[in-house]
1. What about residue 40, is it assigned to a strand (DSSP E or B) and surrounded by 18 or more Cβ atoms within 10 Å (Cβ to Cβ)?
2. Hey, could you check the range 262-294 for residues that are among the acidic types (Asp, Glu) and in a helix (DSSP H, G or I) and say which is most open to solvent (accessible area, probe 1.4 Å)?
3. So, in the range 70-90, of the ones that are more than 22 Å from residue 356 (Cα to Cα) and loosely packed, with under 14 Cβ neighbours inside 10 Å, which residue ends up modelled with the lowest pLDDT?
4. Inspect all residues belonging to the range 347-369 and state whether any of them is free of Cβ contacts under 8 Å to residues at least 60 places away in the same chain, open to solvent by less than 50 Å² (accessible area, probe 1.4 Å) and assigned to a helix (DSSP H, G or I).
5. Could you list, in sequence order, the residues of the range 43-70 that are closer than 14 Å to residue 349 by Cβ, of a type in the set (D, E, K, R) and not in a helix (DSSP H, G or I)?
6. Determine if the range 225-234 includes at least one residue that is out of contact with any Leu (no Cβ under 9 Å at 6 or more places or on another chain), β-branched (Val, Ile, Thr) and not in a helix (DSSP H, G or I).
7. Condition first: more than 18 Å from the chain's Cα centre (by Cα) and of a type in the set (Val, Ile, Thr). Now tell me which residues in the range 220-259 satisfy that.
Amino acid sequence: MDLVLPDGSRLNFGQEPRVVLAIRDPNLLPALTHPTLGSLGEAFVDGRIDIDGDIISVIAGAERLVAAGGSPATARIPASSACHTPKQDLDDVKHHYDVSNDFYRLWLDDRMVYSCAYFQTGEETIDAAQEAKLDHICRKLRLQPGERVLDIGCGWGGLILHAAQHYGVRAVGITLSENQLVIAQQRIKEARLEGDVDAMLLDYRDAPERFGEGVFDKISSIGMFEHVGQNNFPVYFGVVRRLLRDRGLFMNHGITSPDADGRTVGSGVSEFMDKYVFPHTELPHLHSVIREMARQNFEVYDVESLRPHYARTLAHWSRNLEGQLNAARQVVGERTLRVWRAYLAGSSLAFSQGWLNVYQMLASRQEAEGQTEFPLTRAWMYH
């Protein structure tokens, strides 16, 4: 990586540069003696830094720069805790998901699935990998025709539609995003599945009152529980337990911290994410999630790390967005575009390096004594 200073002079770090970080604001120079990824990211958002070349490589080079200055991302910091009230969660969702449907269309797959894809070889297109992810979830949940399925945080409806079309279930999805709901309902209508699939605006905390107790055979939550807040885990997993029949299956898919104490990524990364991308996100360690599930009488059957899959997924999204910069700029403006460029590329690096992880946790609600409804082996997941 080369560094270009405001006067046009160029610093080379001993190799043929693939990428260039250009400092546009001379007032930024003193901060470069001890930079953080967060401060560099904020300078990029403000237009005080420009990037030329592959943005993931730029951020990787920036990480080496800040590590040499004493602020590595691996120097973890205590995670903050927020009050996750229904109103706060709604505001946070609107901040992130209601940016623009047209913006998300530019870089997501055709189904607009906004969570970690699933790669068999790593050579798949993002469309193929997202379809494989949806099918992987449906197989893990052992979906059967006629079963009633709930997807908490259904996004633009990709999973509920796939489950109904390919597994014959009756599916309902809930979301807090009005933008997502519009697309989900439109796609349900286009697929002529109004009698079998529904999407609605609903906070998960209100779901038992809306649907009743023990009414679902299977429940999925894909890329949503990061926004619940650890203090709300008893409520969240308790709601899922109440909605699910005994021996019903629950898939919880979400991002976690690899730090056993739940400390978050350092070098200003977490502060940048909280300020610009998704406010009040909390990432626990895996053991905290499993402990809280156990407290609600869930027997955890299968845990799968998808970390390398999410690094690839985010790299696909980042490349797609980088190829649509002019169109994206017209939709969301330069500043918001810079936030998302930094977020997608930086997150790909974070998963690649192991600063973050993402797990699928499959569990059975176990109220009465006796066996689960699972087969003796997990071979059926990969048929």
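1. In short, no.
2. Among them, the one singled out is 271.
3. 83
4. yes
5. Passing the criteria: only 54.
6. Taking every residue of the range 225-234 in turn, at least one turns out to be out of contact with any Leu (no Cβ under 9 Å at 6 or more places or on another chain), β-branched (Val, Ile, Thr) and not in a helix (DSSP H, G or I).
7. Matches in the range 220-259: 235, 239, 240.
This table checks each residue for (1) under 17 Å from the mean Cα position of the chain (by Cα); (2) at pLDDT 95 or above.
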position	(1), (2)
281	yes, no
293	no, yes
301	no, yes
325	no, yes
361	yes, yes
381	no, no
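The values are calculated or read from the model by the stated rules, or taken from the named source; none is laboratory data. Just so we're clear, the structure is a prediction, and the values are computed from it rather than from any experiment. Glycine gets a Cβ as well: all are built from the backbone with ideal geometry, and neighbour counts include every protein chain shown. Surface areas here come from the heavy atoms of the whole protein model, side chains and all, with no ligands, DNA or RNA. Shrake-Rupley method; radii C 1.70, N 1.55, O 1.52, S 1.80 Å.
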